[in-house]
Amino acid sequence: MKIDIHTHIIPENWPNLKEQFGYEGWISLDHHHPGSAQMKKGDEVFRIVKSNCWDPKIRLKECEESGVDIQVLSTVPIMFSYWAKPNDALVLSKILNDNIAKVVSKNPKRFIGLGTLPMQSPEFAIWELERCVKKLGLHGVQIGSNINGLNLNDASLFPVFEAASDLGASIFIHPWDILGQDQIKQYWLPWLVGMPAETSRAICSMIFGGIFERLPKLRVAFAHGGGSFPSTFGRIQHGYNVRPDLCATDNNIDPQKYLGKFWVDSLVHDLDALNFLIKKLGDTSIALGSDYPFPLGESNPGELVEESNLSDDIKSKILYKNALDWLNIDKMNFK
């Protein structure tokens, strides 16, 4: 069995948000060619996507070809729209979440849904989180690695994490709004360098900010193998040891304690990195994630794990068992 926890989906169409709300910055979808569309911010093309980004039939066909049994669906991060007016971001969140719920409802054995939230308003975010879980039947939400520059330990955001813990909702954290991205525009560096660092920023913020300590039942997974966090954990740990006056101001618990207390996906593109990830975080903390359907993802989800010399037990944990634990789902629900 293979469960891919890191896949992105958007609706085939949505309203003209610039006209609806009266200001710029919104993403539109220009179906400029059959089976292909431009995601545009104003007149600028952000990304060209294919129909597998919105068409569940094509997704299912490609899942059959790659042997993926279940995809966990979440929006494309640029759709977070944390910069927008809260009411307007809530409207967009509902459009995206209703679409994901619809896709899941038609194929409940093949898709699991994660919603998106207007995190710039924790109050609205909690309302939509509750709707996602209680009304739409989604298993959790995807959020960004920071909210308009606020680290995830910011006191204003804690009620959202607390609500997720109370609801039993899983959280997938994806890097976005990267620090310094304007200085590293060349060579795709925001994706190659910025995103890994941004994910480490999110993990460190939640550890040092005491989020995991205060909410031990919170189930959080981070994209891209935890970014640069695992490979720089020695430096992070050393910083805590030698400068607790700077690192341990909000949580004096050794960061080592939290290794294995959260999940990361398996998207590291390299067997040595995967083996290191297992050694550092443990084999129960890594779940298959491909970043489907984008080119920086794993084109054949799970191939790195399947072709490795890992034991069958560890392979099964990474390919599906750990995902079920993160989502708090019984495998029997999908037979």
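The values are calculated or read from the model by the stated rules, or taken from the named source; none is laboratory data. Remember, it's a predicted structure, so these values are computed and weren't measured experimentally. Please note: Cβ atoms are built from the backbone with ideal geometry, for glycine as well, and neighbour counts cover all protein chains shown.
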task: Please name all residue pairs, on different chains or six or more residues apart, with Cβ atoms under 7 Å, provided the first residue is in the range 180-191 and is without any contact (Cβ under 8 Å) to a residue 60 or more places away in the chain and the second residue is surrounded by 15 or more Cβ atoms within 10 Å (Cβ to Cβ) and of a type in the set (Gly, Ala, Ser).
output: GLY180/GLY194; GLN181/GLY194; ILE184/GLY194
task: State yes or no: is ARG243 surrounded by fewer than 24 Cβ atoms within 10 Å (Cβ to Cβ) and either within 20 Å of LYS280 (Cβ to Cβ) or in contact with a helix residue (DSSP H, G or I) (Cβ under 8 Å, 6 or more places away or on another chain) (or both)?
output: no
query: For the range 233-247, does any single residue satisfy the condition of being out of contact with any Asp or Glu (no Cβ under 9 Å at 6 or more places or on another chain) and under 26 Å from GLN120 (Cβ atoms)?
result: no
- request: Consider only pairs whose beta carbons are under 7 Å apart and that are at least six residues apart or on different chains; among these, list those whose first residue lies in the range 20-42 and is closer than 17 Å to PHE80 by Cα and whose second residue is part of a strand (DSSP E or B) and among the small types (Gly, Ala, Ser).
  value: LEU29/ALA37; LYS40/SER28
message: Regarding the range 165-172, can at least one residue be identified that is within 24 Å of ASP250 (Cα to Cα) and part of a helix (DSSP H, G or I)?
response: yes
query: Only one of these conditions is not met by THR199: (1) surrounded by fewer than 20 Cβ atoms within 10 Å (Cβ to Cβ); (2) within 13 Å of the chain's Cα centre (by Cα); (3) polar (S, T, N, Q). Which number is it?
result: (1)
field: Of all residues in the range 259-313 being hydroxyl-bearing (Ser, Thr, Tyr) and surrounded by 18 or more Cβ atoms within 10 Å (Cβ to Cβ), the one that is farthest from LEU60 (Cα to Cα)
entry: SER285
- line: Just one listed residue, out of LEU129, LEU157, is of a type in the set (A, V, I, L, M), more than 26 Å from SER105 (Cβ to Cβ), at pLDDT 95 or above and in a helix (DSSP H, G or I), and it is LEU157
- request: Would you check if there is a residue in the range 53-73 being of a type outside the set (Val, Ile, Thr), touching a strand residue (DSSP E or B) at 6+ places or on another chain (Cβ under 6 Å), touching a residue at least 12 places away in the same chain (Cβ under 8 Å) and within 30 Å of GLY149 (Cβ to Cβ)?
  value: yes
message: Which residue is surrounded by the most Cβ atoms within 10 Å (Cβ to Cβ), if the candidates are limited to the range 1-48 and must be over 30 Å from GLY67 (Cβ atoms) and β-branched (Val, Ile, Thr)?
response: ILE27
- request: Keeping to the range 123-176, report how many residues are more than 22 Å from ILE203 (Cβ to Cβ) and not hydrophobic (A, V, I, L, M, F, W, C).
  value: 8
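To keep it simple, each residue is scored yes or no on (1) of a type in the set (S, T, N, Q); (2) part of a strand (DSSP E or B); (3) farther than 19 Å from LEU136 by Cβ; (4) modelled with pLDDT of 95 or more.
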{"residue": "ALA37", "(1), (2), (3), (4)": "no, yes, yes, yes"}
{"residue": "ASN52", "(1), (2), (3), (4)": "yes, no, yes, yes"}
{"residue": "MET79", "(1), (2), (3), (4)": "no, no, no, yes"}
{"residue": "TRP83", "(1), (2), (3), (4)": "no, no, yes, yes"}
{"residue": "LEU90", "(1), (2), (3), (4)": "no, no, no, yes"}
{"residue": "ASP98", "(1), (2), (3), (4)": "no, no, no, yes"}
{"residue": "VAL104", "(1), (2), (3), (4)": "no, no, no, yes"}
{"residue": "LYS109", "(1), (2), (3), (4)": "no, no, no, yes"}
query: Of the residues that make up the range 197-212, is at least one over 19 Å from LYS261 (Cα atoms), in contact with a His (Cβ under 7 Å, 6 or more places away or on another chain) and either modelled with pLDDT of 95 or more or polar (S, T, N, Q) (or both)?
result: no
query: What's the number of the condition VAL45 fails, among (1) within 19 Å of the chain's Cα centre (by Cα); (2) of a type in the set (A, V, I, L, M, F, W, C); (3) more than 20 Å from VAL104 (Cα to Cα)?
result: (1)
field: Residue satisfying condition, being touching a strand residue (DSSP E or B) at 6+ places or on another chain (Cβ under 9 Å) and more than 23 Å from TYR320 (Cβ to Cβ), within set TRP83, TRP14
entry: TRP14
- prompt: Restricting attention to the range 10-35, which residues are touching a helix residue (DSSP H, G or I) at 6+ places or on another chain (Cβ under 7 Å), closer than 19 Å to ASN97 by Cα and assigned to a loop (DSSP other than H, G, I, E, B)?
  reply: ILE10, PRO11, TRP14, TRP26
